[in-house]
Structure formats: C-alpha cells, structure tokens
1. Of all residues in segment 178-194 being closer than 22 Å to Glu96 by Cβ and touching a Lys or Arg at 6+ places or on another chain (Cβ under 8 Å), which is least open to solvent (accessible area, probe 1.4 Å)?
2. Filter segment 70-125 for residues that are open to solvent by 70 Å² or more (accessible area, probe 1.4 Å), polar (S, T, N, Q) and closer than 28 Å to Pro47 by Cβ and give the result.
3. Mind checking which residues of segment 44-58 are surrounded by 15 or more Cβ atoms within 10 Å (Cβ to Cβ) and within 18 Å of the chain's Cα centre (by Cα)?
4. How many of the residues in segment 77-94 are under 16 Å from the mean Cα position of the chain (by Cα) and outside any loop (DSSP other than H, G, I, E, B)?
5. Between residues in segment 179-196 that are under 13 Å from Leu141 (Cα atoms) and residues that are of a type in the set (Ser, Thr, Tyr), which pairs lie under 9 Å by C-beta distance while being six or more apart or on different chains?
6. In segment 148-178, what residues are touching a residue at least 40 places away in the same chain (Cβ under 8 Å) and aliphatic (A, V, I, L, M)?
7. How many residues, within segment 26-43, are in a helix (DSSP H, G or I), surrounded by 14 or more Cβ atoms within 10 Å (Cβ to Cβ) and aliphatic (A, V, I, L, M)?
Amino acid sequence: MKKEQFEFNELPYPTLARFGLTQEMIEDLPLCILKEIGKGGYSPVLPMRVTNENGEVIESRSRFAFIRMDSGEVDVVFYPQLEKSPLEAFTQEQQEDLLAGKAILADVKDADGRSSKAFVQIDTETNQVMSVPTPVIGRNLEVLKDELKLSPAELTVMQKGEPLTLIMEDEQGTVGIDLNDKTGIRINQGDSQKWK
C-alpha cells in the first residue's frame, strides 16, 4: 500500500476554514504534528466551529486527516469526538475490555457487510472505535517476536490485549498492542502500569 504525501500548498484550507480551522492555525501546529499530517496521519483533537443551515454556531472537537481523491485533489475527513463509543456490536466482555483501554480481537464488518477479524480499540480522545485488520498487526507482532525472541505464550498475552513486561538490555520495558501508535504496537520503559 502506497503511503500518501501531502504538500501544504495543496491542502483544502477553505474547507478547513468552514470548520473553524484557519491556515494560520494549521501552520502553528508543532512541526512533528505537521509532518505526521503531511504523511496522511491524524491531527490531534482540535476545537471545531461550524455554522449550520439555521445560522447557529456549533462547537465540537475532532481529529482530521487528509485524503487524496481519484481526481488527485486533496480533501479532508473528520473524526469527531463522540459522547460515548458505539459498542453495541461487541459482547459485554469485549465492551468491558474496550472501555478498560485494551485492544481486543473481534469480528468487524466492512463497508460491504463482510465480516473479518480485526484488532479493535477505542481512541480515548474521540471515543471512536478504531480497527486494524489482524494480518497488519500480526505481521508487526511477528517482527517484534523475532526481534525480542518472544515465546508463543508471550505473543498470546499481547493478542489478548494485555501489555507484556520484559527485561530488555538490563532495563524493564513493556510492549503491547496500541492502535493509537503508528505501527499498532507500543513499547515503553517501565512496567505495565506505566505503559497503561
């Protein structure tokens, strides 16, 4: 899959401005965030302001990301902050794990209604339910397994949404699935409490 690159002179500033995000506001974001957005990543959650058809100003909060249309033009999609996560498609146990911040393995339906296995987690800033197909995270776990020489039992712990604490180069480190991370796997120094 080709990773998209966006130049700042091609961004849809008029569309962003309709939602209260001026070009100056975007350009004032920290450089590391601008680079991430330019590579097709998500923005941080930002305050939004839009005027509806009745002339009322509605304020909310949302992430955004840029996409390239078939025409080659760049457009923007928003990931609004929800009051609560839509969890009705999950079992009670899965809902509890998701609300506890865990990434879980679950069946999800795609836009065509087909069901497939995916890792699922709640974006804590927007309450959106994120999902990544299991082969993507599975491949990253395989690389991690080889790199850290993990056992199948240790891999299973992470696949069940639990972080795994190890001693790496004489220091304690914890690794686990976190769909907020670019690779879907996050490694931190310290124990599992610090990781969480």
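The values are calculated or read from the model by the stated rules, or taken from the named source; none is laboratory data. Worth saying up front: this structure is predicted, and the values here are computed from it rather than measured. FYI the Cβ positions are ideal-geometry reconstructions off the backbone, even for glycines, and counts take in every protein chain you see. Please note that ligands, DNA and RNA were not included when accessible areas were found on the heavy atoms of the full protein model with its side chains. Shrake-Rupley method; radii C 1.70, N 1.55, O 1.52, S 1.80 Å.
1. Of segment 178-194, the ones closer than 22 Å to Glu96 by Cβ are 178-180, 184, 186, 192-193.
So of that shortlist, the ones also touching a Lys or Arg at 6+ places or on another chain (Cβ under 8 Å) come out as 178, 180.
Numbers: Asp178: 15, Asn180: 77 Å².
Of everything passing the filter in segment 178-194, Asp178 is least open to solvent (accessible area, probe 1.4 Å).
2. So the first thing to find is which residues in segment 70-125 are open to solvent by 70 Å² or more (accessible area, probe 1.4 Å), and the list is 70-71, 73, 79, 81, 83-84, 88-89, 91-93, 96, 99-100, 105, 107, 109, 111-112, 114-115, 117, 124-125.
Next, from what is left, pick out any that are polar (S, T, N, Q): 71, 81, 91-92, 115, 124.
Correct list: Gln81, Thr124.
3. Once the filter is applied, which keeps residues that are surrounded by 15 or more Cβ atoms within 10 Å (Cβ to Cβ) and within 18 Å of the chain's Cα centre (by Cα), segment 44-58 yields Val45, Leu46.
4. Residues that pass the stated criteria total 4.
5. Final answer for the pair search is Leu179/Ser131; Arg186/Thr174; Ile187/Thr174.
6. Step one: list which residues in segment 148-178 are touching a residue at least 40 places away in the same chain (Cβ under 8 Å), which gives 159-162, 176-178.
Within segment 148-178, just Ile177 meets the criteria.
7. Of segment 26-43, the ones in a helix (DSSP H, G or I) are 26-27, 31-38.
Subsequent filtering for residues that are surrounded by 14 or more Cβ atoms within 10 Å (Cβ to Cβ) retains 26, 33-34, 36-38.
Those still in the list that are aliphatic (A, V, I, L, M) too: 26, 33-34, 37.
Residues in segment 26-43 being in a helix (DSSP H, G or I), surrounded by 14 or more Cβ atoms within 10 Å (Cβ to Cβ) and aliphatic (A, V, I, L, M): 4 in total.
For every residue, the table says whether it meets (1) of a type in the set (A, V, I, L, M); (2) touching a strand residue (DSSP E or B) at 6+ places or on another chain (Cβ under 8 Å); (3) in contact (Cβ under 8 Å) with a residue 24 or more places away in the chain; (4) farther than 30 Å from Gln159 by Cβ.
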residue: Gln5; (1), (2), (3), (4): no, no, yes, yes
residue: Phe8; (1), (2), (3), (4): no, no, yes, yes
residue: Arg18; (1), (2), (3), (4): no, yes, yes, yes
residue: Ile33; (1), (2), (3), (4): yes, no, no, yes
residue: Arg63; (1), (2), (3), (4): no, yes, yes, no
residue: Ser71; (1), (2), (3), (4): no, no, no, yes
residue: Asp75; (1), (2), (3), (4): no, yes, yes, yes
